[in-house]
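Data first, discussion second: the structure below is written as C-alpha cells.
FYI, it's all coordinate maths here, none of it is from the lab. Given the structure is predicted, the values throughout are model-derived calculations rather than measurements. We place every Cβ from the backbone using ideal geometry, glycine too, and count neighbours over all the protein chains shown.
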Amino acid sequence: MRVAILQMEGTNCEEESYIAFKETGANPEYLHINNLTEGMLESYDMIFIPGGFSSGDYIRAGAVFAARLKAKVWKDIVDFVESGKPVMGVCNGFQVLIELGLLPGTEGISEVPQAALMTNNSNRFECRWVHLEKINDTMFSRDVPNKIMLPVAHAEGKFFATQNIIKKIEDNGQVVFRYISPDGTEPEYPWNPNGSINNIAAIVNSYGNVFGIMPHPERAYFPFQHPDWTRNPRNIGDGYYIFRSLFKQINEAKSR
Amino acid sequence: MKLKKIATGVYEVNIIDATDEELDEINNTMGLALSMDEMKKIRDFFRKMGRNPTDLEIHAIAQGWSEHCSYKSSKPILRKYIFGIPSEHAMIVMQDDAGVVELDDEYAYVFKIESHNHPSAVEPYGGAATGVGGIIRDVLNMGAKPIALVDPLFFGPPDYRGKLNKGIKHPLFLINGVISGIRDYGNRVGIPTVAGITYFHEDYVNNVLVNAGCLGVVKKDKIVRSAVDKAGVKLVMVGGRTGRDGIHGVNFASKILDEKSEEERQAVQLGNPILKEPLIHLVLEANELGIIHGMKDLGGGGLGSVVGEMCHAGGVGANVYLDRVLLKEGDMVPWEIWVSESQERMLLAIEDKNLPDLEKLCKKWDIEMSVIGETIEQKNLRIFWHGNKILDMPLEFITAGVEYERDYTVRRVQEMQEIPPEPNYRRVFLKLLSTYNIASKEWVIRQYDHEVQGRTVIKPMHGIVGYESHGDAAVLKPLHDSWKGIAITTVSNPHISKLNPYLGALYTVDEAVRNLVAVGAMPSSMSDGLNFGNPERPEIMGEFVETCRGLGDAARTLGIPYVSGNVSFYNEAFGKNIPPTPVLMAVGIIDDIRNAITSDFKKEGNHIYLIGKTTGEMGGSEYYSLLNASSTIVPNVNIEKTKLLSEQLHSAISKGLVESCHDISHGGLGVTLAEMSIGGNLGAEIDLKNMEHFRPDIKLFSESPTRWVCEVKPENTGKFESLVDGKSIGVVDGDRLRVKDGERWLFNVNVDNMRDIWKGSLKKYLR
C-alpha cells in the first residue's frame, strides 16, 4: 500500500504521519508539491495531507495549499477521488480538503467550498486532548472503538456550514467523529474545543473515500503519546485504529 | 567626522587624525556603542597600519567587539566558574553555537538557551518570534534536528498600575505580544514548546526578559562544526534575503534602554517561520548527504560575525564579495549588508564539487542560495564590492575582541526576619493559589503546540485530561526505536537571587535537579541564560560574579556541566536594573520512558511522603511576599544532600515504587499538595506533626530546597522507605485537601474550589 504524504512549506506533521503509516505496514512516501507532476498520483493507493501551517496560513487556513494543488494536478486528484481510492487530511489537511471542495462533498466534488473550518470560539490556538465518539463506520473508522481520545492543536477548527449542508451531511451519515464530554453531557468548551456545529470533529464525503479530521490520530499512535498513560495503561494509542481500519480496507480491496 | 567617498556607498573615515571629541562623534554618529578606550584602540590600530579605515571596517570592528558578540565583561568570570566542569558525556562544550552531549552510542543531543530581551521590549511580537527563530538556528547549525523549545519569560504584573516611564510599554501589552510571537513562530515551524516560565514582578516593568531555548538530536557522525579549516571552500548563504531589519541589533543589545529605544525598532528583525520550516529540511537533507563542510547561522552580528568566527575557528581567512549577497532592498550599502541581522539565513561552507547537490536541494525546497566568497590561507578578512577592495584586516583583530576585568563589589544584606502573626490558614492558602507566580499557566501553555512531532510523552501539564496541573518537567522520546527519554525543565529564582545572588544560584541549580528527578530522570547537563543589569556598575558586576560562583560550585559538586549559555547585560532602564536572573535550561536522561512519572495524585489510599528537610528561612518566599512580611534570610542549599537525596529518589522511581512526585518550590508544601490534588482530582489527609519543629505556617509555606512530595502504594511503602529518607505525612483520600498539625486542624478545602481559584487568577488577562 503506497501512501503519498504531500508536503509544502509549512506542513509539519509529516514525520509522525510517516511513522504511523509505516508501523501499520504501509509504504508511505514524502511527496513535495514542487516535485509533483501530472500523472504521478495515479501510482499511489492513497493520498494523505498532513497537518501544519501550509504557507503560514496567513490567509484562510489551507487555501494556498489547495490553490497550488488545483493549479498543478487538479484533474489527477478528481480522477483519484472518483476511482474510490482514499484521501485523508488531518488538521491543516482537513482545511485543504474543504478548500478543494472535496469535503463535505455531499454530492460528489464541489466547485466551491461548501463548508469552512473557522477560527475557534476561543479565538486562539489551543493544544489539548479531546474525547471523541464514533458516529459512522467508514473505511477510516471501521475498526475504531466507539469512544477514543485524540489531541487537537489548531486555531481554525470550528466546522461550519449552512443548515442545509449540515442536514445533508447528517442525513448522508457523513459525520465520522463527534466531540463528546467525558460524562456524556452536552460537550461545552473545552470538550468541544472550537465550537464546531453539531460537535463535528471528522467527516467523510458522500462516496466514503475522502476523510477530514481536526484531531491528530498520528500523534496518538503509541500508548505513551496519550496524556494519561501513567494512570491508564493501554496497549496501543487510539489513533492506531484509524490507520488500522484503512490498511485493512485497502488491502482487502486490492486482494479482491 | 571627516569622510571621503571611495566607492558607491563606501566612505573612508578619517580616524588617524581624529581628536578624542571626534572619536566620540564617530562613535555616536555611526551607532557603534563602543567605549572611548575601544575607539582609541581602533585609532591606534589604523595609525600603525598607516591608513584610514573604511566605514565598513569600523562597523565590522564595533560588531565584533560588542558585549553581545565578544562577552568582553563576562568571559573572565565565566572561565573561572562556569566553563570546564568535567563530564563523561559532554562532547562539545561552550565552543560552537550550542552544546553537544552524548545521548547513546549513536546519537547526541544539542541545546542552548539564549535571551532576546531588548528587541522584545521594543517590539514584543517580532522580538519574541525572532528569539525563537534564532535559537532554532543555533541548534540546527550543529546539524541537529530541533525537537523541543522552551521559553522562560519575565514580565511586570499584568495589573500594574504604577507609573510607566516614557517609551516603556504596559506589562499586559508585552505579555500578549510576547506570547503570541512565540506561539505564531513556534507553532508554524512545527517544533513543540514543552517547558517554560512565566514570572511576574514589578522588577521587570522596565526590562522585560524573553529567553528561548531549543533542543535537537543528531547522529554523532553527522555533527557539523562552525568552522572551516581549509582554503578554497566556498561560502554559501542560504535562506532569507538580507535587508535593513536588524541593523545594529547587537550594539542595541549592549546598551541600556531609554526613551529613545523605540526609535531603534530597525534593530528588531522580522521573522518568517514559513521560510524557516523548509530551511530546516534543506539543511538536514544536505547534512544527511554529507556535503556540509562547516555551518553557522546568521544571528547577532549578521554576516560579519559569522564569516569572521567560522574562519577564525578553523584558522583560515576569507574573500567575501558583498555584491553577491541577495538583498531585500537593492540600495543597501556595504556596511548595512555586513551587519544586518535579517532572519532565516545560514552560511554553509561547501566544497566546489558539492555545489550542484546543494543547488538541487534548494530548488526542491524553494530556497535561494548565493555563493558569496571562499576561504583563503592568509588569515585575513578581505571584502570586495563591485571589484573594489573595501576591507582588509587580520581576522584576529576583529574577532578576538577585547576583555575586561570589570570592578565589582559584593553587596551584603543585613540579615533579619520578621515573624508575622499566625494567619487564617484557609484564607492564606487559597490566596497563595491565586498569586501570579503560583496560579495556573495553562492559558499560556495551551497556546503553544506541545504535541507536534509526537515525541512529548510527559506533557507540560500533568493529570487527568481536563483537570491537569503543573508538572516539573516534560519528557520527550527522541528516537523511534529506543525507549530512552530526554527530560527538559527551565528554572529561575530571582526573588532569592535578589537577596543573595550566590545562594540564589545554588537554589536554582537545586531546583533544576529537583524538577528532573521528579519525573524520573537523572540530570545530564545544563545551559545557562544569565540576565543581568549594567555591568559597568560594580554592584551589578558583583551580582554577576556571585551568581556565577554559585552556579559553578553547585554544578561542580553535582558533576553536571554547563555546555552552552548566553549572557545578557545592560538590562537597565531609567536607572533601574533587573534583579540577577540566572535562568537554567536543564536536561536529564531517563533510560526508559515507561518509568517516567507525573505530579498528579493517582489513587485513594496511597501514602504521601515528604522527602528532605524543612527549614525556616523565609526570604524570597511567596508567603512572605503575600503577607508583606520582610525577611532577607534565604535558604541555604547543601549540594551534597541534593546529590544524595536525588540519587535515592531516582532509584525508587526507576524501580516503579513511586506513583507521583512533585518538587516543593513556590508556595512551599501547601502549594505542592494542592497541585498534586488538582491534577489527580483527589484530596488528601495530611498531618504535619512528623516535620521539623516550626509553626505550621512555616511548615506549610517554607520554600526550603531539596524537597519533594511522593505518593507510594501501601504495598510499596516498606521498599520505598528502605531506599529513600522520607517522612510519611498522610494519605490520598476523598475530594478535599485536609491539613492538620497534630491535633490542630489548619484547613479543609474542596479540590474543585482550589482548582477554580488556581485557574481563575490569570484567566482574565487572556486575550
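Ordering A:CYS13, B:CYS69 from the fewest to the most neighbouring beta carbons within 10 Å gives B:CYS69, A:CYS13. Which is farthest toward the positive dipole end of segment B:3-67 among B:THR8, B:GLY31, B:ALA60, measuring Cα position about the Cα centre, with Cβ charges +1 (Lys, Arg) and -1 (Asp, Glu)? Going by the Cα projections, it comes out as B:THR8.
The slack between B:PHE173 and B:GLN95, meaning 0.36 nm per residue of separation minus the straight C-alpha distance, is 24.4 nm. Residue by residue along B:454-461, Cβ atoms of other protein chains within 10 Å of the local Cβ number 6 on average. A simple spin-label model places pseudo-atoms 7 Å from Cα toward Cβ; at A:ASP79 and A:ASN198 they are separated by 3.4 nm.
Based on C-alpha pairs under 8 angstrom that are at least 6 apart in sequence, segment B:106-197 has a relative contact order of 38 percent. Where in segment B:203-234 does the amide nitrogen come within less than 16 Å of the point 7 Å from the Cα of B:GLU539, taken along Cα to Cβ? Of the residues in segment B:203-234, B:203 have backbone N under 16 Å from the label point off B:GLU539. Against chain B, whose longest principal axis is taken from its Cα atoms, helix B:501-518 shows a tilt of about 70°. For chain B, the longest principal axis of the C-alpha atoms and the axis of helix B:668-680 are separated by about 90°. The DSSP beta bridges internal to the protein assembly as shown are antiparallel in roughly 75% of cases. Summing Cβ point charges (Lys, Arg +1; Asp, Glu -1) relative to the Cα centre of segment A:52-154 gives a dipole of roughly 280 debye.
How big is the gap, in Å, between the Cα center of segment B:345-370 and the Cα center of segment B:91-151? Spelled out, the Cα-based centre of one part sits 23 Å from the other.
Charges on Cβ only, +1 for Lys and Arg, -1 for Asp and Glu, centred on the Cα centroid of segment A:110-256; of A:PHE160, A:ILE250, A:ALA115, which one is farthest towards the dipole's positive end? The residue sitting most towards the positive pole is A:ILE250. Applying 1/(1 + (r/R0)^6) with r as the Cβ-Cβ distance of B:LYS763 and B:ASP37 and R0 = 51 angstrom yields a FRET efficiency of 0.45. For chain B, averaging the sequence separation of C-alpha pairs within contact (under 8 Å, six or more residues apart) and dividing by the residue count gives a relative contact order of 15 percent.
Which trypsin sites (Lys or Arg not before Pro) does segment B:403-451 hold that lie in a coil by DSSP with at most 16 other beta carbons within 10 Å? Spell out each step's value before the answer.
On the way: sites: B:ARG406, B:ARG411, B:ARG412, B:ARG426, B:ARG427, B:LYS431, B:LYS441, B:ARG446; in loops: B:ARG406, B:ARG411, B:ARG412, B:LYS441, B:ARG446.
The qualifying sites are B:ARG411, B:ARG412.
What is the angle, in °, between the Cα long axis of helix B:639-654 and the longest principal axis of the Cα atoms in chain B? Nearest 10 is fine, range 0 to 90. Roughly 70 degrees, rounded to the nearest 10.
State the antiparallel share, in %, of DSSP beta bridges confined to chain B, rounding to the nearest 5. Intermediate results must be reported in sequence, preceding the final value.
Numbers: 101 of 125 bridges.
Of those bridges, close to 80 percent are antiparallel.
When both segment B:526-581 and segment B:668-684 are represented by their alpha-carbon centers, they are found 33 Å apart.
Which percent, to the nearest 5, of DSSP beta bridges fully inside chain A are antiparallel?
Details: 23 of 40 bridges.
Antiparallel bridges make up about 60 percent of those DSSP assigns within chain A.
Run the paramagnetic zone check for A:ASN251: 7 angstrom along Cα to Cβ, then residues of segment A:107-148 with backbone nitrogen under 17 Å. Inside the label zone: A:139-144. As a calculated quantity, the FRET efficiency between B:ASP20 and A:ASN34 at R0 = 56 Å, using C-beta atoms, amounts to about 0.45. For the set B:LYS431/B:LYS613; A:LYS70/B:LYS477; A:LYS248/B:LYS484; B:LYS145/B:LYS364; B:LYS41/B:LYS169; B:LYS112/B:LYS484, the pairs lying more than 30 angstrom apart at their alpha carbons are A:LYS70/B:LYS477; A:LYS248/B:LYS484; B:LYS41/B:LYS169. Relative to one another, the C-alpha centroids of segment A:115-164 and segment B:583-621 are positioned 35 Å apart. What net charge is computed for the residues neighbouring B:SER527, neighbours being all others with C-beta under 12 Å from the C-beta of B:SER527, Lys and Arg scored +1, Asp and Glu -1? Cβ neighbours under 12 Å give a net charge of -3. Positive end of the dipole of segment A:1-160 (Cβ unit charges, origin at the Cα centre): among A:PHE48, A:ILE135, A:VAL81, the Cα lying farthest that way belongs to A:ILE135.
Compute, for segment A:2-255, the length of the dipole vector about the Cα centre, with Cβ point charges of +1 (Lys, Arg) and -1 (Asp, Glu) only. Units Debye, rounded to 20.
200 debye
State the extension gain, in nm to one decimal, for the chain segment bounded by B:GLU351 and B:MET416, taking 0.36 nm per residue of separation less the distance between their alpha-carbons.
Working: separation 65, 0.36 × 65 = 23.40 nm, distance 6.56 nm.
Gain on extension, B:GLU351 to B:MET416, equals 16.8 nm.
A simple count of charges around A:ASP79, restricted to other residues whose Cβ falls under 13 Å of its Cβ and scoring Lys, Arg +1 and Asp, Glu -1, yields -2.
Calculated FRET efficiency, A:ILE19 to A:LYS70, Cβ-Cβ distance, R0 = 41 Å: about 0.90 to the nearest 0.05.
The HN-Hα couplings worked out from phi for segment B:206-217 by the Karplus form 6.51 cos²θ - 1.76 cosθ + 1.60 (θ = phi - 60°) are 7, 9, 6, 10, 10, 10, 9, x, 9, 10, x, 10 Hz, whole numbers, x standing for Gly and Pro. About its Cα centre, the dipole of segment B:305-371 is roughly 240 debye, where the only charges are +1 on Lys and Arg Cβ and -1 on Asp and Glu Cβ.
Stretching the chain fully between B:ASN165 and B:LYS719 yields a gain of 193.5 nm (0.36 nm per residue, less the alpha carbon separation).
Within the set B:LYS602/B:LYS713; B:LYS80/B:LYS296; B:LYS163/B:LYS759, which residue pairs have Cα atoms separated by over 21 Å? Going by Cα-Cα distance, B:LYS80/B:LYS296; B:LYS163/B:LYS759 fall outside the 21 Å limit.
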